[in-house]
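Read through the structure below, which is laid out as structure tokens, and then see the notes.
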Amino acid sequence: MISAKIKELIENRKVSQTKLAKHIGITPGCVSNYLKGRRKPDFATLIKIALYLQVDLNYFVNDDFDEPFSRNSGLPPPQSP
């Protein structure tokens, strides 16, 4: 489930919902809805999330990818608040 994967990644990388939201251009409420499974991010937003969290997009959309793969997105790495 996409919501569980996003939640796991932001917890492991110690990124706040607010920081993720600000960086990808959505509201913290949208991130909260994604994490609670109330809504799913559209594909463009999912790409932004993957780039920011430095994981392969397939981690979210392909059930065969169990582990997020690091990638060099060209974006600054997430940092602790």
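The values are calculated or read from the model by the stated rules, or taken from the named source; none is laboratory data. Keep in mind that this is a model prediction, so the values were computed, not measured. Cβ coordinates were reconstructed from backbone atoms using ideal geometry, including for glycine residues, and neighbour counts include every protein chain displayed. What goes into the accessible areas is simple: the full protein's heavy atoms, side chains included, and nothing from ligands, DNA or RNA. Shrake-Rupley method; radii C 1.70, N 1.55, O 1.52, S 1.80 Å.
Provide the FRET efficiency to the nearest 0.05 for the ILE47-SER16 pair, computing r from the beta carbons and using R0 = 22 Å. Show your work: numbers first, answer last.
Numbers: r = 21 Å, r/R0 = 0.93.
Computed FRET efficiency for ILE47 and SER16: 0.60.
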Subject >> Sequence of ASP56, ASP63 from largest to smallest accessible area, 1.4 Å probe >> reply: ASP63, ASP56
Subject >> Neighbourhood charge, 12 Å Cβ-Cβ cut-off, centred on GLY29 and excluding it, Lys, Arg +1 and Asp, Glu -1 >> reply: +3
